[in-house]
1. Do we have any residue at all in the stretch 43-51 that's open to solvent by 50 Å² or more (accessible area, probe 1.4 Å), in contact with a strand residue (DSSP E or B) (Cβ under 9 Å, 6 or more places away or on another chain), of a type in the set (Ser, Thr, Tyr) and at pLDDT below 90?
2. Within the stretch 164-181, can you find the residues that are crowded, with 16+ Cβ neighbours inside 10 Å and either in a strand (DSSP E or B) or touching a helix residue (DSSP H, G or I) at 6+ places or on another chain (Cβ under 8 Å) (or both)?
3. Considering only the stretch 264-298, state which residues are assigned to a strand (DSSP E or B), without any contact (Cβ under 8 Å) to a residue 24 or more places away in the chain and more than 23 Å from the chain's Cα centre (by Cα).
4. Identify, by number, the condition in (1) open to solvent by less than 80 Å² (accessible area, probe 1.4 Å); (2) modelled with pLDDT of 75 or more; (3) within 26 Å of Asp328 (Cβ to Cβ); (4) not hydrophobic (A, V, I, L, M, F, W, C) that Asp216 doesn't meet.
5. Mind checking which residues of the stretch 102-132 are without any contact (Cβ under 8 Å) to a residue 40 or more places away in the chain, in a strand (DSSP E or B) and open to solvent by less than 20 Å² (accessible area, probe 1.4 Å)?
6. Applying the selection to the stretch 71-93, what residues are among the hydrophobic types (A, V, I, L, M, F, W, C), at pLDDT 90 or above and open to solvent by less than 20 Å² (accessible area, probe 1.4 Å)?
7. Name the residues in the stretch 299-314 that are among the hydrophobic types (A, V, I, L, M, F, W, C), assigned to a strand (DSSP E or B) and either surrounded by fewer than 17 Cβ atoms within 10 Å (Cβ to Cβ) or at pLDDT below 80 (or both), would you?
8. Just to be sure I understand, how many residues within the stretch 55-101 are closer than 19 Å to Val7 by Cβ and part of a loop (DSSP other than H, G, I, E, B)?
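The values are calculated or read from the model by the stated rules, or taken from the named source; none is laboratory data. Computed from a predicted structure; not experimentally measured. Ideal geometry is used to build each Cβ from the backbone, glycine not excepted, and the neighbour counts take in all protein chains shown. Areas reflect the complete protein model, heavy atoms only, side chains present, ligands, DNA and RNA absent. Shrake-Rupley method; radii C 1.70, N 1.55, O 1.52, S 1.80 Å.
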Amino acid sequence: MVHGLYVRETGSLSGVAAMNVRTGKEYWRYERPDSEPGVDTFDVSERTVVAAFGDGRLMGVDLRTGKPLWHVDIQHAEGFRTTALVGGQALTEAPGAVRAFAERDGRSLWTAKTPKSCPGVLVITAYALPGHLSVVPLICNLTSPDRGVYNLLLGIDNRTGRVLWQQHTAAPGLMVRGGEHTLVIPDEDNPPAIQLLDVNRRGATARALAQADAWDAVAGGGGIILSAIDPDERSVEYHDTLLRAYGTRDGHLAWQLRAPAGQEYGFPEIADGQVYVVRQPFLKGKDTGRRIRADLLVLDLSTGRLLHTLRLPAMTVPDESRGLDVRDIGDGAVSIGWRDDEGGVLIATD
């Protein structure tokens, strides 16, 4: 893995490129000059970049070389296209369905049909769980509100595409994984409580976990839910300066970590019993174009004890960004990207 590899949309928004964030040298670039309106979203694994184009094309590119691996053209209603890489599969929308393709060669793996009440589909993300189960949160009919917009959770056999169960859900964009068989989601009917969804091939069973300051879960795993909050709600600018960990069994506080003055945390991720989180300077709207230095912290999940610190290369703040978040962890690499910005992902290795 190249140290400091940064994957981003190209300036014309018609492709993706990878560059060295220390030197600015471009490793590779893939563009489709014929593509209009260009890249909607892309996702990155430890080996592959998969880009979803607005004209219905899904494209796989090798992360290390930029070599195009495959592409498929998918009929799709007018609207935003997404993609999610999970468990070696690239998921995206099709009319009245979710489709999955092999990450490395683009083979069509399965098609999962959505209910008749959900002909317009937006894939939010996907989770690969034990037992050949993929859980896919969707928004239905976002581009056709006259049909009734609602949120749906699908449990899919990721070998065949058979829909094992479906369940209405709240705020799929705020959902995080809390353990091998557990998803965490805010309980919109009883704020500030959160719900734990115990998930298997038979369905998802909800149980409440009420904590006054823990409903805004930002990550979960290994029986721990992480909540990043701003204790000083009187401030004009909101900054996540306190990282708290709660046990999923009893909801009790396991540990907390406060950021130094003038610094805040991005959204973390959990892998292999460790927490990966970026600690960075406060960012405000006027910081667009500013170069900042941040640190990647590695914490022990059970205790919050600091295990490692990695100084990240200086990076330029994009337009009105709210900071750097850890997006994914795999193959000894950590993917880090700007919040609310699809423009780039830093692949950091120690």
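1. No, there is no match, as no residue in the stretch 43-51 is open to solvent by 50 Å² or more (accessible area, probe 1.4 Å), in contact with a strand residue (DSSP E or B) (Cβ under 9 Å, 6 or more places away or on another chain), of a type in the set (Ser, Thr, Tyr) and at pLDDT below 90.
2. Leu164, Trp165, Gln166, Gln167, Val176, Arg177, Gly178, Gly179
3. none
4. Single failed check for Asp216: (2).
5. Passing the criteria: Ala102, Val121.
6. Within the stretch 71-93, Ala84, Ala90, Leu91 qualify.
7. Residues satisfying the conditions are Leu306, Leu307, Leu310.
8. Total satisfying the criteria: 8.
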